[in-house]
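*Asks:* First the structure, then my questions, so here it is.
Derivation of every value follows stated rules applied to the coordinates shown; laboratory data play no part. Note that the structure is predicted; figures quoted are calculated from it, not measured. For neighbour counting, all protein chains shown are included, and Cβ atoms are generated from backbone atoms with ideal geometry for every residue, glycine included.
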Amino acid sequence: MATIFQNPIPPYPGWVRRVYRLFRPVTSDDILAFLGNEELYTRDTPSGQVNMIHKFGLLEINCISGESEIEVWYDPEKKSYSSEYLDALLSTRFN
């Protein structure tokens, strides 16, 4: 299955990438909710403007407004913390 996130670039060496399919497209409100107190970074790609949200050194969430797919990078040494945090974060917007 093709993904909208082509040419993946890890935020840190050794981080692991996962692509998640959501039941609805990501909105600008979702991006703001995910962002919290973190700074938003963006990158222009052929698929659209990717919003890169860094969460406390645990995750980097990449999403494009209007798409129902997100790319998540995490530190494999903190996999259990990252997984639990991502599940909680996604459940606030996508349940």
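*Asks:* Ordered by residue, what ³J(HN,Hα) values in Hz, to whole numbers, does segment 3-20 give under the Karplus form 6.51 cos²θ - 1.76 cosθ + 1.60, where θ = phi - 60° and Gly and Pro are x?
*Replies:* Calculated HN-Hα couplings, in order: 10, 6, 9, 8, 6, x, 10, x, x, 9, x, x, 6, 9, 10, 9, 10, 10 Hz.
*Asks:* Same structure again: Whole-Hz Karplus ³J(HN,Hα) for segment 74-91, in order, using 6.51 cos²θ - 1.76 cosθ + 1.60 and θ = phi - 60°, x for Gly and Pro?
*Replies:* For segment 74-91, the Karplus-derived couplings read 8, 7, x, 6, 10, 4, 5, 5, 4, 5, 5, 5, 4, 4, 5, 5, 5, 5 Hz, x marking Gly and Pro.
*Asks:* Amide H to amide H under 5 Å from Ser68: which residues, 5+ apart in sequence or cross-chain, H placed 1.01 Å off N in plane?
*Replies:* Counting only residues 5 or more places away or on other chains, the set is Val26.
*Asks:* Using R₀ = 25 Å, calculate the FRET efficiency as 1/(1 + (r/R₀)^6) where r is the Cβ-Cβ separation of Asp87 and Glu39; round to 0.05. Intermediate results must be reported in sequence, preceding the final value.
*Replies:* Working: r = 23 Å, r/R0 = 0.93.
Efficiency computed from Cβ-Cβ geometry: 0.60.
*Asks:* Within segment 50-85, whose backbone N sits under 12 Å from a point 7 Å along Cα→Cβ of Ser28?
*Replies:* So the set is 65-66.
*Asks:* Rounded, prolate or oblate: pick one for segment 20-61, where a ≥ b ≥ c are the square roots of the eigenvalues of its C-alpha gyration tensor, a/c under 1.5 means rounded, and failing that, prolate if a/b is larger than b/c, else oblate. Working shown, then result.
*Replies:* On the way: a/c = 1.58, a/b = 1.21, b/c = 1.31.
Cα axes put segment 20-61 in the oblate bin.
*Asks:* Please work out whether the chain counts as rounded, prolate or oblate from its C-alpha gyration tensor, where a ≥ b ≥ c are the square roots of the eigenvalues and a/c under 1.5 means rounded, while otherwise a/b larger than b/c means prolate and anything else oblate? Can you show the working numbers first?
*Replies:* Details: a/c = 1.36, a/b = 1.11, b/c = 1.23.
In terms of gyration-tensor shape, rounded.
*Asks:* Using DSSP to define loop residues, name the GluC sites (Glu not before Pro) in segment 39-95 whose beta-carbon has at most 13 other beta-carbon atoms within 10 Å.
*Replies:* On the way: sites: Glu39, Glu60, Glu67, Glu69, Glu71, Glu77, Glu84; in loops: Glu39, Glu67.
Qualifying residues, ordered by number: Glu39.
*Asks:* Residue by residue through segment 55-60, what is 3J(HN,Hα) from phi via Karplus (6.51 cos²θ - 1.76 cosθ + 1.60, θ = phi - 60°)? Round to whole Hz and write x for glycine and proline.
*Replies:* 10, 6, x, 9, 9, 10
*Asks:* How big is the charge dipole of segment 1-66 about its Cα centre, in debye rounded to the nearest 20, if each Lys and Arg gets +1 on its Cβ and each Asp and Glu gets -1 on its Cβ?
*Replies:* Details: 6 positive and 6 negative charges, 64 e Å.
Roughly 300 debye, rounded to the nearest 20.
*Asks:* Moving to a separate point now. Multiply the residue gap between Thr3 and Arg17 by 0.36 nm, knock off their C-alpha separation, and tell me the result in nm, one decimal place.
*Replies:* Values: separation 14, 0.36 × 14 = 5.04 nm, distance 1.24 nm.
Contour length minus the Cα-Cα distance gives 3.8 nm.
*Asks:* Return the long-range amide H neighbours of Thr45 (sequence gap of 5 or more, or a different chain), with a cut-off of under 5 Å between placed amide H atoms.
*Replies:* For Thr45, whose amide H was placed from the backbone, the distant partners under 5 Å are Val50.
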